[in-house]
Each structure stands twice: as C-alpha cells, then as structure tokens.
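Chemist: Handing you this structure, nothing more for now.
Only the coordinates and a few stated rules stand behind these numbers; no lab work does. Just so you know, these numbers come straight off a predicted model, no measurement behind them. As a convention, Cβ positions derive from the backbone with ideal geometry for all residues, glycine included, and neighbour counts pool all protein chains shown.
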Amino acid sequence: MSNFQEHINTLITRLSATPTRIAHRTTGWNREQLQTSPAHTAWAAQDILAHLRAADDIVTPRIYMVLTRENPSLSAYDERRWAEIARYARQDFAISLDLFTLRRAEVVMVLQNLDSEAWERIGIHEVLGSVSLLEIVQGLVEHEEEHCTQLEAISWPLSSQLL
C-alpha cells in the first residue's frame, strides 16, 4: 500500500470517528448538561453538534459536486448562520446525532471506494480558489477534530461553573 493510500485510509478513519466520539463523550448526559456551556466563551455539547451538522451540510455536497462535475463552483457559507437557520441547537440531541451519524456513514462509504485520481479532482471555491477533494476532506476532518476535542474537554459536574 502506498503512503498516499495509507494517508487516505487514515483520513477516512478519522472522518468516520466523529459521530462515535460525540456519542461516547455525551453518553449519559442529561438535557441540561447537553445544553450548558462550561464557560462564558465555550459552547455547549448541543451547540457543538449543531455547528458540526451545519458544516457537514455545507461540505458533504462539495464532495459530491467535485466527484460528479469538472471544476464545479463551490459556494462559501457561514456554518454558524446555517446552524441558526436550520435550528439545529433546538433539536433533540439524540435525533440530531443519529441523523449526523447516518449521513456520515453514507459519505464514508463513497470515499472508501475512490481511486487516487478522484482524490485529486478539483473544485473552485469562491473564496479559497482551487481546492482538491483531498483538501476538502482534510479540512473537514481537522475542523471536526478541533470541536470533538472541545467537547471532550467538558467534564461534569460543572455546578460551580454553571452560568
């Protein structure tokens, strides 16, 4: 197996791990814990999941566009505004996580079946310019891992820190 293919496999493994990381970290949390931010500047688990779902809503279609068209235009969106419009932070956490998990399984299946040439396909992002499929997926993975780490840093009880 080439170094490139090993990198791709690792990237897909990391991408597929996000829903599991969220589920493991939040298992047993009650509604108050899911909706309480641990500090004035930190997000609650509900907010983190809402943000990740919005980012996924934006980025996953880019993956499909790059795979199905030559040099497609990729619009820029504000994932925070997207989450607000979709009202993800107000949805039931378990249902929201289930939907995120199912959608992730679909895109992982697609990515697992790509050849190396597909990973080099390009889209034209309206702000970033030319971006490869590899760069799109890598950016998504890094973004999600940052927020999973943020979620994993929340510990209970936070009674002395509740707002």
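Chemist: Go over the candidates Val59, Val131, Val66 one by one and state the one that is aliphatic (A, V, I, L, M), within 14 Å of the chain's Cα centre (by Cα) and surrounded by 16 or more Cβ atoms within 10 Å (Cβ to Cβ).
Modeler: From the options Val59, Val131, Val66, the qualifying one is Val59.
Chemist: Enumerate the helices (runs of 4 or more DSSP H) found wholly within segment 1-118, keeping only those where 2 or more residues are within 20 Å of His143 (Cβ to Cβ) and of a type in the set (Val, Ile, Thr).
Modeler: The qualifying helices (runs of 4 or more DSSP H) are 3-26, 45-68, 93-112.
Chemist: What about Trp119, is it crowded, with 19+ Cβ neighbours inside 10 Å and not aliphatic (A, V, I, L, M)?
Modeler: In short, yes.
Chemist: Pairs needed: first member in segment 35-49, touching a residue at least 12 places away in the same chain (Cβ under 8 Å); second member anywhere, of a type in the set (D, E, K, R); C-beta distance under 8 Å; at least 6 residues apart or different chains.
Modeler: Ser37/Asp47; Ala45/Arg25
Chemist: While we're on this one: What's the number of the condition Val107 fails, among (1) among the hydrophobic types (A, V, I, L, M, F, W, C); (2) within 15 Å of the chain's Cα centre (by Cα); (3) within 17 Å of Ser37 (Cβ to Cβ)?
Modeler: Answer for Val107: the failing condition is (3).
Chemist: Which of the residues that make up segment 84-98 are under 16 Å from His24 (Cα atoms), in contact (Cβ under 8 Å) with a residue 24 or more places away in the chain and out of contact with any Lys or Arg (no Cβ under 7 Å at 6 or more places or on another chain)?
Modeler: Listed by number, the residues that qualify are Phe93, Leu97.
Chemist: Looking at segment 1-33 only, could you name the residues that are buried (at least 18 other Cβ atoms within 10 Å of the Cβ) and closer than 16 Å to His51 by Cβ?
Modeler: Selection gives Thr18, Pro19, Ile22, Thr26.
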